[in-house]
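Trainee: Next up is a structure, given as structure tokens.
The values are calculated or read from the model by the stated rules, or taken from the named source; none is laboratory data. Predicted, not measured: the structure shown is a model, and the values here were computed from it. Don't worry about glycine lacking a Cβ; one is built from the backbone with ideal geometry, like all the others, and counts go over all protein chains shown. Keep in mind that these areas ignore ligands, DNA and RNA; they rest on the heavy atoms of the full protein, side chains included. Shrake-Rupley method; radii C 1.70, N 1.55, O 1.52, S 1.80 Å.
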Amino acid sequence: MEEQITTKEILSVSSAPHIRAKDTTQKIMFAVVISLMPALLGSVYFFGVRALWLTLISIITAVITEWTILKLRKVETTLSNGSAIVTGILLAFNLPGGVPWWMPVAGSFFAISIGKQAFGGLGFNPMNPALLGRAFLLASWPVHMTTDWTAPIYGTKSGISAITTATPLAVLKEAIDNLSVEDKAQQALQTIAELKGSYGNLFLGNVGGCIGETSVLLLLIGAIYLLYKGYINYRIPLSYIATVAIFTYIFGGPNGNFSGDPLFHILSGGLIVGAFFMATDMVTSPSTSKGQWIFGLGCGIFTVIIRRVGGYPEGVSYSILLMNLTTPLLDRYLKVKPFGS
Amino acid sequence: MFDILKRNFKGGVHPKENKKYTESKPIEEIPLPEEVIIPLQQHIGKPSKIIVNKGDKVNAGDPVSEAGGFVSVPCHASISGTVKAIQPHIHPLGGEVNSVIIESDGEDKYSEKIEFNPDYMNLPAEEMKNMIYEAGIAGMGGATFPTHVKLSPPPEKKIDTAILNGSECEPYLTSDHRLMLEKTEEIIEGFRIIMKILGVNRGIVGIENNKPDAIKKMEDVSSKFPEIGVVSLDVKYPQGAEKQLIYALTRRKVPPGKLPMEVGCLVQNVGTAKAVYDAVAFKRPLIDRVVTVAGDITHQKNLNVRIGTPLKNLTDYCGGFVNSPKKIIIGGPMMGIAQHSLNAPVIKGTSGIIILRSEQIGFGKTTPCLNCGKCVEICPMNLTPNIIASLVENGRIEDAGEYNALDCIECGCCSYICPARINLVQNIKFAKFKIMQEAKK
Ligand code: SF4
Ligand code: SF4
């Protein structure tokens, strides 16, 4: 009995639990990459192979930036977690199809270096790096970011045939603004009515817009995959989209309150890509269910405000960035009650 | 009447069950060990006090120690032989504990007082309770709380429902499953004794629905007793945790920091019920139990083992290791304790020995928290493990208490699910320990 049968050296005595679920950070990130592929393919189809190049440039910049900074910080490389690839894709998805090639370089570099690594890397960044990169580009090169739209292969930038220069949300915004201008009001009403006929184009992605945001159908395919895998949950997208729908119905219409077109607002702009792929970014959204509901609600309210009265036709990215800042508060101060109380 | 109830609780995880390797293996009696190590502490509470001396002759079932306080139970010799030494010995729950080491005389003589009493069900409740105490029974699901204490709720707490826990939600383990199949009558009788002691006339047996044969057998045997119902539960870990089990079976919620009696319930494990039957019907102390040996071992088995048998006897009997083992766990893989020596003995709460290979023990590197919320989503106690753990890491123990660290049942679901591979429950246990320490001052 005295003899030692097994020794401490060979047996691991780490603490329970001794088994773990299969999902790791890396697996989740690669699943997100896969979920974005349908939308990427769609963008190549609608906007040409240039969309693919811009996306690749963005990914490569993101990965190189991340790798270099990690080397400089002398941090063991966490490149393999794949989050830089996700950031690269999402940044490209937020660019108009006609921007020059150096814009994804600048945007991705900013997103990774300032948006993420400056805070300490994945897990410590307070705001969605891709959206921060987009905000940086919009502030620095607003003309490129708001006019370099390319028309989809079979349609017009606006989704309707009468207007060919602007994206659907910009058309709507202008039309609503014009309602109060006497000699343009008639025309504006007609435009608004016509936009109602563009649901199909919006759903398929046959309209102008950022590379990855236009096809609701293809984005939803990716989103359903992530929901099925449990890598995102429905709370933020649901409360975000429902809030936008309700508030645009109430406040977003041409004929005063309760005349808005919620479906148009859901299908157009960056709401779907934002609600399912950016507002759900784990690091920058709340971890409790209460927090997630409120986060989505906040994103929705800000989006409607910006779309309705802001300087830009679209407000998804700024809304999410704003709500990102509330995440620590929502997590810490919305205390959840333990079971049984 | 039980069918209207849902059979579930909020949160929880679904680890791979791995029960198929042993669930059809009947309980085997392992050969008598040459010596047994009886630690004086195998239960929660005060250690028991030694009453034998070196050189004493003992029979199986003779007490070697007496309770060291109200929350304590005696321990018994599990084989006949001679007390060879009384000394500290490796304990499966960690560290060394003063233990009585008995060398077998190979005769396996039993204590004379062990005898069947056909009229056991008519004994007065107090006497039954005393017999349970004298048999040294402590919760055999792993918690090892002294059973006679649990069966003595203060008079102002009215218990109306007794619950028999046959959920066995830990992966790999099938010892309770086999016991329910092979000792069904004994378990149901033991449960009836428990109900009689408590004076309750509603008893619910909860069994996870991955054990349909056990559900059927327990239903058949208990059908004579209208006061006992068997409920099939969804398979989910930790279905066997008291508060979750009570909720799944009765929809009652035990308030934070309170015991099940707060909502009129009392939970006992099926193995404990069997031991209660032995104690009351036979005056037989708790000297053996069923242990599942599973994982990376030549033959995976269910064994009936004398308390105090060294773990090595069990692994040898099962044909030894296939590969050199990398982790040996006492209990289940979610809450069990990794061993560094096979010299540790089987004790009253040992439900299984799980052997893991090297590729089963690496989970990948720990990365910073992603705030993904998975741990929050699955915590069966509805806590925020991510927040508690990060507070603990920053040394803010008091704040961790504000986030209800004390309500953690240490089920390990949070660490299990975390994609960043953070061992959350370890941090939370540390916080609990510190807070309790502070409270004692
Ligand atoms: S599961 Fe892990 S990574 Fe996710 S929130 Fe909890 S601690 Fe953070
Ligand atoms: S915090 Fe405690 S109760 Fe919640 S999942 Fe983790 S170990 Fe279980």
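Trainee: Return the carbon/sulfur percentage of the accessible area of region A:25-147, one whole number, probe 1.4 Å, all protein chains in place. Let's see the in-between values first.
Mentor: Numbers: 3720 of 4890 Å².
The C+S portion of the solvent-accessible surface of region A:25-147 is 76 percent.
Trainee: Between region B:146-221 and region A:133-158, how far is it from one alpha carbon centroid to the other, in angstrom?
Mentor: Measuring centre to centre over Cα atoms gives 67 Å.
Trainee: Pairs of alpha-carbon atoms within less than 8 angstrom and 6+ residues apart define the contacts here; what relative contact order does region A:197-258 have, in percent? Intermediate results must be reported in sequence, preceding the final value.
Mentor: Numbers: 33 pairs, mean separation 9.4, N = 62.
Reported as a whole number, the value is 15 percent.
Trainee: On the protein heavy atoms, probe 1.4 angstrom, tell me the percent of accessible surface of region B:120-282 carried by carbon and sulfur.
Mentor: Working: 2740 of 5320 Å².
In region B:120-282, the share of accessible area belonging to carbon and sulfur is 52 percent.
Trainee: How high is the relative contact order of chain A? Use alpha-carbon pairs under 8 Å, at least six apart in sequence, and give a whole percent. Don't skip to the answer; put the middle values down first.
Mentor: Numbers: 549 pairs, mean separation 54.8, N = 341.
Here the relative contact order equals 16 percent.
Trainee: Next up: I need the chymotrypsin sites (Phe, Trp or Tyr not before Pro) found in region A:154-223, filtered to DSSP loop residues with at most 16 other beta carbons within 10 Å of theirs. Don't jump to the answer; show the numbers that get you there.
Mentor: Details: sites: A:TYR154, A:TYR199, A:PHE203; in loops: A:TYR154.
Filter output for region A:154-223: A:TYR154.
Trainee: With a Cα-only, solvent-free Debye model of chain A, what are the log10 I(q)/I(0) values at q = 0.09, 0.11, 0.13 Å⁻¹?
Mentor: Relative scattering, expressed as log10 I(q)/I(0), comes to -0.50, -0.71, -0.97.
Trainee: If you don't mind, another one. Give the angle, between 0 and 90 degrees and rounded to the nearest 10, that separates the Cα long axis of helix A:50-72 from the longest principal axis of the Cα atoms of chain A.
Mentor: Result, in degrees: 40.
Trainee: Given a 1.4 Å probe and no ligands, DNA or RNA in the count, how much accessible surface is buried by B and A, both sides, to the nearest 100 Å²?
Mentor: Details: alone 19360 and 17000 Å², together 31480 Å².
Chains B and A together bury roughly 4900 Å² of accessible area.
Trainee: Compute from the Cα atoms of region B:209-333 the Rg and the Dmax, the latter being the longest Cα-Cα distance, and quote both in angstrom.
Mentor: 18.1, 51
Trainee: Further question on the same structure: Within a Cβ distance under 11 Å of A:VAL32, other residues only, what is the Lys/Arg minus Asp/Glu net charge? Don't skip to the end; give the middle numbers.
Mentor: Working: positive: A:LYS27, A:LYS229; negative: A:ASP281.
Around A:VAL32, the charge tally is +1.
Trainee: What is the gain in length, in nm to one decimal, between A:ILE10 and A:TRP53 on full extension, counting 0.36 nm per residue of separation less the C-alpha to C-alpha distance? All intermediate terms of the calculation are to be shown ahead of the outcome.
Mentor: On the way: separation 43, 0.36 × 43 = 15.48 nm, distance 5.15 nm.
In short, 10.3 nm is gained.
Trainee: Run the helix sum for chain A: -39,500 (n - 2.57) per DSSP H stretch of 4+ residues, divided by residue count, reported at 222 nm to the nearest 500 deg cm²/dmol.
Mentor: Working: 15 runs with 189 residues, N = 341.
Estimated from H runs of four or more residues: -17500 deg cm²/dmol.
Trainee: Sticking with this one: Please tell me which of these pairs span more than 25 angstrom C-alpha to C-alpha: A:LYS337/B:LYS434; B:LYS150/B:LYS348; B:LYS150/B:LYS253; B:LYS258/B:LYS374? Write down the numbers at each step before the final one.
Mentor: Working: A:LYS337/B:LYS434 22 Å; B:LYS150/B:LYS348 16 Å; B:LYS150/B:LYS253 19 Å; B:LYS258/B:LYS374 27 Å.
The answer is B:LYS258/B:LYS374.
Trainee: Further question on the same structure: Please work out how much length the chain gains when fully extended from B:LEU259 to B:LYS20, using 0.36 nm per residue of separation minus the C-alpha to C-alpha distance, in nm with one decimal. The partial results should precede the final answer.
Mentor: On the way: separation 239, 0.36 × 239 = 86.04 nm, distance 3.39 nm.
Contour length minus the Cα-Cα distance gives 82.6 nm.
Trainee: Hey, another quick one. Longest span of chain A, sites excluded, free of trypsin sites (Lys or Arg not before Pro) in DSSP loop with at most 12 other C-beta atoms within 10 Å? The partial results should precede the final answer.
Mentor: On the way: sites that count: A:LYS8, A:LYS22, A:ARG73, A:LYS74.
That would be A:75-341.
Trainee: How far, in degrees from 0 to 90, does helix A:235-251 lean away from the longest principal axis of the Cα atoms of chain A, to the nearest 10?
Mentor: 20
Trainee: Evaluate the Debye formula for chain B with equal point scatterers sitting on the alpha carbons, no solvent, and hand back log10 of I(q)/I(0) at q = 0.06, 0.07, 0.13 Å⁻¹, in q order, two decimals.
Mentor: For the requested q values the scattering log ratios are -0.24, -0.34, -1.24.
Trainee: Run the numbers on region A:276-319: which residues show a drop of 50 Å² or more in accessible area, chain on its own versus all protein chains together, using a 1.4 Å probe over heavy atoms?
Mentor: Checking the loss per residue gives A:MET282, A:SER287.
Trainee: So with the 1.4 Å probe, I'd like the accessible area per residue for the protein assembly as shown, rounded to whole Å². Don't skip to the end; give the middle numbers.
Mentor: Values: 31480 Å² over 782 residues.
On a per-residue basis, 40 Å².
Trainee: To continue, here is another question. Karplus couplings for region B:289-297 from phi (6.51 cos²θ - 1.76 cosθ + 1.60, θ = phi - 60°), rounded to Hz, Gly and Pro as x?
Mentor: Taking θ as phi minus 60°, the curve returns 7, 8, 10, 7, 10, 9, x, 7, 9 Hz for region B:289-297.
Trainee: Measure off, as a whole percent, the carbon and sulfur share of the 1.4 Å-probe accessible area of region A:199-304, all protein chains present.
Mentor: 73
Trainee: Helix A:289-309 sits at what angle to the longest principal axis of chain A, using alpha carbons and giving 0 to 90 degrees rounded to 10?
Mentor: 30
Trainee: Out of region A:53-104, which chymotrypsin sites (Phe, Trp or Tyr not before Pro) are coil in DSSP terms and have no more than 14 other C-beta atoms within 10 Å? Kindly include the intermediate steps, with their values, before the conclusion.
Mentor: Details: sites: A:TRP53, A:TRP67, A:PHE93, A:TRP101, A:TRP102; in loops: A:TRP101.
For chymotrypsin sites (Phe, Trp or Tyr not before Pro) across region A:53-104 that sit outside H, G, I, E and B with at most 14 neighbouring Cβ atoms in 10 Å, the list reads A:TRP101.
Trainee: Could I ask something else about it? Please enumerate, by chain and number, the aspartates and glutamates with C-alpha under 19 Å from the C-alpha of B:LYS243, excluding those fewer than 8 residues away in the same chain.
Mentor: Excluding near neighbours in sequence, the set is B:ASP160, B:GLU168, B:GLU170, B:GLU208, B:ASP234, B:GLU262, B:GLU377, B:ASP407, B:GLU410.
Trainee: Amide H neighbours of B:SER65 under 5 Å, counting only residues 5+ apart in sequence or on other chains, H built in-plane at 1.01 Å?
Mentor: B:ILE51, B:CYS75
Trainee: Any idea what % of Cα-Cα pairs in region B:118-236 are farther than 19 Å? Each step should come with its number before you reach the end.
Mentor: Numbers: 3464 of 7021 pairs.
Cα-Cα pairs of region B:118-236 separated by over 19 Å account for 49 percent.
Trainee: Normalise the Debye intensity by I(0) for the protein assembly as shown, one equal point scatterer per Cα, no solvent, then take log10 at q = 0.04, 0.08, 0.10 Å⁻¹ and round to two decimals.
Mentor: -0.23, -0.76, -0.99
Trainee: Considering only DSSP beta bridges where both residues belong to chain B, give the percentage that are antiparallel (nearest 5).
Mentor: Values: 36 of 59 bridges.
Rounded to the nearest five, the antiparallel share is 60 percent.
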